[in-house]
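The values are calculated or read from the model by the stated rules, or taken from the named source; none is laboratory data. Since this is a predicted model, take the numbers as computed values, not measurements. Every residue, glycine among them, receives a Cβ derived from its backbone with ideal geometry; neighbour counts consider all protein chains shown. Ligands, DNA and RNA are stripped out before the accessible areas are found, and what is left, the full protein with its side chains, is counted by its heavy atoms. Shrake-Rupley method; radii C 1.70, N 1.55, O 1.52, S 1.80 Å.
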Amino acid sequence: MDMKILVVNCGSSSVKYSLFEIRNEKKLACGIVECIGSTKAFYTKQSQKVKKQKEVVKVLNHTEAVELIIKELLNKNSGVISDINEIAVVGHRIVHGGDKFHKSVLVTEEVKQDLKDCFLLAPLHMPAHYAGIEAVEKMLPGVPSVLVFDTAFHQTMQNYAYMYALPYEFFEKNHIRRYGFHGTSHDYVSQRAAEMLGRPLSKIKLITAHLGNGSSITAIDNGKVVDTSMGFTPLEGVMMGTRCGNIDPAILPYILDKYPQYKEEDALNKLLNKKSGLIGISGVSADMRDILIARASGNKRASLAFEMLCYSVKKYICAYFGILNGVDALVFTAGIGEHSSPVRENVCKNLSALGIEIDLEENAKASDKERVISTKSSKVKIMVIPTNEELMIAKESKVVLTSI
Ligand code: ADP
């Protein structure tokens, strides 16, 4: 019997999953249950046996979603396993591990308790993750679960990089510090970049730019994170689809003073996380594809939004180039990083002083493969590497499983 790894990603109102063959890491099935809790939830699934299909389902909570997924995997006609014991391990993606979790861990009662202590750090995601863990325990009794944290890869930062210059007690009592996110993605693409360069991670310096709806840039030396642009939450750093990224913190009390309605519960958070970024500036869309179309047809605010996003990415790249004292490769990944050649071009232009030279022809080619898009003479290799967080979680789960 070939053993499998199930990867589960419980979001605030969705559950995504992928099932991998443990031996060759081949993906056998995947899908997503969305709009959990509403009367009309959606289940999109595909597997080796069935083509992609979407159906309306009634799923009131994460437990029901996990139940639905496991039943589908076991389904006699469309399922890809015949017994739950074929699942060797379940890997859960966890957004926030606070400063408690430095690496992936096997779920135990103690770990679950520590996880609860991190709830306040990501109140939308953590309770959903926890519900997912308990649902898996119920549906797959005896199958070990592993937690893989978005923050863990960044735990190598030095204190001077992760501290905020607030009174020290906020760090001690409230754990307010930079944590960083998208760690699984930065980790994955850095490993792939080392392979593409044909050199060990321990000998190279990288800047990885994960540019999606949420975006973060990371400086990596010797396989270890030196700094990353996201902070205490995924709001800090570069401008994003709906998030403002860095702003002067004094703007917040100023807004509260001028517009008292933002004092209402969650209104300020919503403004900064959902109504800013590309959508806030352009008024057109949070989606880079729409921004590019609007910009091409002469929409000035869409054009400004595009320029601002690229400029904010460029600033981090230049800062991290200095912090690392040079880099071997600059890696673009995630939706925008993998697919938006105008963004890559704009970010990389006029960086020849740093030895960063983009090949415009290579950059313009559409592809979903790993590739190099710098000129032959560029000192820094510019790479596009499709991210694969699920595979990374599967690999991590396998490593933890074999270590017990
Ligand atoms: P998430 O952070 O939600 O995982 P993704 O990594 O899927 O997001 O990235 C979504 C972003 O990628 C959107 O802004 C989308 O416009 C952008 N994107 C996807 N495909 C393209 C494309 N072909 N050209 C430009 N942008 C693209």
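Between residue 164 and residue 350, what is 0.36 nm times their sequence separation minus the Cα-Cα distance? Round to one decimal in nm.
Numbers: separation 186, 0.36 × 186 = 66.96 nm, distance 3.15 nm.
Stretched fully, the residue 164-residue 350 segment lengthens by 63.8 nm.
So what are the ³J(HN,Hα) numbers for region 327-336, from phi and the Karplus equation (6.51, -1.76, 1.60; θ = phi - 60°), rounded to whole Hz, Gly and Pro as x?
With coefficients 6.51, -1.76 and 1.60, one gets 9, 8, 8, 10, 10, 9, 8, 6, x, 6 Hz.
Restricting to Cα pairs below 8 Å that are 6+ residues apart, what does the relative contact order work out to for the chain? Please round to a whole percent.
On the way: 832 pairs, mean separation 55.0, N = 404.
Here the relative contact order equals 14 percent.
Using a Förster radius of 30 Å, what is the FRET efficiency between residue 311 and residue 25 based on their Cβ-Cβ separation? Nearest 0.05, please. Kindly include the intermediate steps, with their values, before the conclusion.
On the way: r = 38 Å, r/R0 = 1.28.
Taking R0 as 30 Å, the efficiency between residue 311 and residue 25 is 0.20.
State the antiparallel share, in %, of DSSP beta bridges confined to the chain, rounding to the nearest 5. Could the numbers behind the result be given before it?
On the way: 40 of 60 bridges.
Roughly 65 percent of the beta bridges in the chain run antiparallel, per DSSP.
With a 10 Å cut-off between alpha carbons and a GNM built on the chain, which of 142, 132, 31 moves the most?
Of the options given, 142 has the highest mean-square fluctuation.
Using a 1.4 angstrom probe, figure out how much accessible area region 92-148 has per residue, in square angstrom, rounded to the nearest whole. Let's see the in-between values first.
Numbers: 2530 Å² over 57 residues.
Heavy-atom accessible area per residue stands at 44 Å².
If R0 is 45 Å, what FRET efficiency do you get for residue 102 and residue 297 from their C-beta distance, rounded to 0.05?
Details: r = 49 Å, r/R0 = 1.08.
The value I calculate is 0.40.
Any idea which of 118, 242, 128 is furthest toward the positive side of the dipole for the chain, if Lys and Arg beta-carbons carry +1 and Asp and Glu beta-carbons -1?
242
Roughly how many whole Å is it from the C-alpha centroid of region 124-165 to that of region 56-97?
19
Using a probe of 1.4 angstrom, how much of the accessible area of the chain is carbon and sulfur, in percent?
With neighbouring chains kept in place, the figure for the chain is 52 percent.
What are the ³J(HN,Hα) values, in whole Hz, obtained from phi via the Karplus relation 6.51 cos²θ - 1.76 cosθ + 1.60 with θ = phi - 60°, for each residue of region 386-393 in sequence order, with x given for Gly and Pro?
Those phi angles translate into x, 6, 8, 5, 5, 4, 4, 5 Hz.
Report the full-extension gain for the segment residue 304 to residue 360: residue separation times 0.36 nm, less the Cα-Cα distance, to one decimal in nm. Intermediate values should be presented prior to the final figure.
Values: separation 56, 0.36 × 56 = 20.16 nm, distance 2.21 nm.
Gain on extension, residue 304 to residue 360, equals 18.0 nm.
Would you work out if region 132-172 is rounded, prolate or oblate? Take a ≥ b ≥ c from the square roots of the eigenvalues of the alpha-carbon gyration tensor; rounded if a/c is under 1.5, else prolate when a/b is larger than b/c, oblate otherwise. Before the final figure, lay out the partial values.
Numbers: a/c = 5.65, a/b = 2.80, b/c = 2.02.
It is prolate, given that a/c is not under 1.5 and a/b is the larger ratio.
Going by a ≥ b ≥ c, the root eigenvalues of the Cα gyration tensor, does region 166-242 fall in the rounded group (a/c under 1.5), the prolate group (a/b larger than b/c) or the oblate group?
On the way: a/c = 3.28, a/b = 1.63, b/c = 2.01.
Oblate is the answer for region 166-242, as a/c is 1.5 or above yet b/c matches or exceeds a/b.
Tell me the per residue accessible area of region 319-389 using a 1.4 Å probe; a whole number in Å² is fine. Provide the component values of the computation, followed by the final result.
Numbers: 3300 Å² over 71 residues.
Heavy-atom SASA per residue in region 319-389 reads 46 Å².
Compute a Gaussian network model of the chain, connecting alpha carbons closer than 10 Å, and tell me which residue from 215, 202, 285 fluctuates the most.
202
So, in Å, what gap is there between the alpha-carbon centers of region 1-50 and region 265-338?
The distance from the Cα centre of region 1-50 to that of region 265-338 comes to 30 Å.
Between residue 75 and residue 195, what is the label-point separation in nm under the 7 Å Cα-to-beta-carbon projection?
Each label point lies 7 Å from its Cα, and together they span 3.2 nm.
Note down the net charge around residue 173, summing +1 for each Lys or Arg and -1 for each Asp or Glu among other residues with Cβ under 15 Å from its Cβ. Intermediate values should be presented prior to the final figure.
Numbers: positive: 177; negative: 99, 117, 169, 172.
Net local charge, residue 173 excluded: -3.
Any idea how far apart residue 265 and residue 124 come out in nm if each label point goes 7 Å out from Cα toward Cβ?
Between residue 265 and residue 124, the simple spin-label model gives 1.6 nm.
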